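Okay, structure first, notes after.
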Amino acid sequence: MPDEFNVYLDFSPDLTFFLQGAGGKTIQKRLSHATTVKDVIESCGVPHTEIGQIGVNGRAVDFEYRMFPEDKVTVAHVDPEVTGGFGLQPEPGEDPAFIADEHLAKLSRRMRVLGIDTCLFPGGSDRELLGEMQRLDRILLTRDRRLLMHRIVRSGYCIRSGNVVQQVCEVIGRFALSNAIKPFRRCPSCNGLLIAADKKALLSRLEPKTCRYYHDFFLCDSCGKIYWHGSHVPKLEAFVADIRRRCGYSEL
């Protein structure tokens, strides 16, 4: 094998977000040793968590394939609705659990409204976040592509949009979450599960008007916050309906 050699990479349109102006063009990489295709792809700025399929010279390969001179690589994003699976990425399971970095607080809250298990990292170093992700065995959500390139990140997603509703739709589509969506079962504040509570046991914690006009209450089994069907609920129901419409699901 020569001391230096060229390889060529083409990325699917959804991955041009990461390519810094190189979208739609074949990227040439000059290598000095037989590195893995995973390392070459990530050197282009695309995290391994975003890759659904890799082809080299027309043949499907995994992340550990070692590059040879003049290899032609095609890289496809994860699209379970089209391919019917997750390709090189782990299956998220029926009730996946997420951890979002501290900059995605709004996304975390909206995910919880939909009943999707999403904890928010309170802040700290990247090492601490990755350690918590690994300890809790959760899927990482972040806008930091470099964070997703760490080898210990088994499953994750780089949020593209700055709009929180679009962010929710991104995550639902990427992880095929239609069956995981069960609105109003989690505490939007802390991610705990909501359980039906006896009104009589809560009287000392309720305002007089709340006691008078509302009868069904729920308690977070983690932080103890009380919920009821108040004036805020129609707005949340409208959000759920909007997500259903945007994501094309007939029911949530």
Hits in segment 86-104 - residues which are in a loop (DSSP other than H, G, I, E, B) and surrounded by 14 or more Cβ atoms within 10 Å (Cβ to Cβ): F86, G87, L88, Q89, P92, P96, A97, D101
Where a residue in segment 90-102 is more than 18 Å from R112 (Cβ to Cβ) and its partner, wherever it lies, is part of a loop (DSSP other than H, G, I, E, B), with Cβ under 7 Å and at least six apart: P90/R154; P90/S155
Scan of segment 17-75 for residues that are basic (K, R) and at pLDDT 95 or above, ordered by number: K29, R30, K38, R59, R66, K72
Residue in segment 53-75 that is closer than 14 Å to G156 by Cα and either surrounded by 20 or more Cβ atoms within 10 Å (Cβ to Cβ) or touching a residue at least 40 places away in the same chain (Cβ under 8 Å) (or both) present: no
Elements of type strands (runs of 3 or more DSSP E) contained in segment 122-212, each with 2 or more residues being farther than 23 Å from E94 by Cβ: 194-197
Filtered residues of segment 215-232 (kept if touching a His at 6+ places or on another chain (Cβ under 9 Å) and of a type in the set (D, E, K, R)): D216
Single condition V75 does not satisfy, out of (1) outside any helix (DSSP H, G or I); (2) touching a Lys or Arg at 6+ places or on another chain (Cβ under 9 Å); (3) hydrophobic (A, V, I, L, M, F, W, C): (2)
Test set (1) buried (at least 20 other Cβ atoms within 10 Å of the Cβ); (2) under 30 Å from A60 (Cα atoms); (3) outside the structural domain of V37 (by TED's automatic domain parsing) - M111 fails condition number: (2)
Enumeration of residues in segment 153-177 that are crowded, with 16+ Cβ neighbours inside 10 Å and either under 18 Å from V233 (Cα atoms) or of a type in the set (G, A, S) (or both): S155, G156, G173, A176
Candidates M133, M111, filtered to the one that is at pLDDT 95 or above, touching a Ser or Thr at 6+ places or on another chain (Cβ under 8 Å) and not basic (K, R): M111
Residue count for segment 199-232, restricted to those that are β-branched (V, I, T) and closer than 22 Å to C119 by Cα: 1
Residue among R112, R160, R135 that is among the basic types (K, R) and touching a Cys at 6+ places or on another chain (Cβ under 8 Å): R112
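The values are calculated or read from the model by the stated rules, or taken from the named source; none is laboratory data. Not measured: the values here are computed from a predicted model. We place every Cβ from the backbone using ideal geometry, glycine too, and count neighbours over all the protein chains shown.
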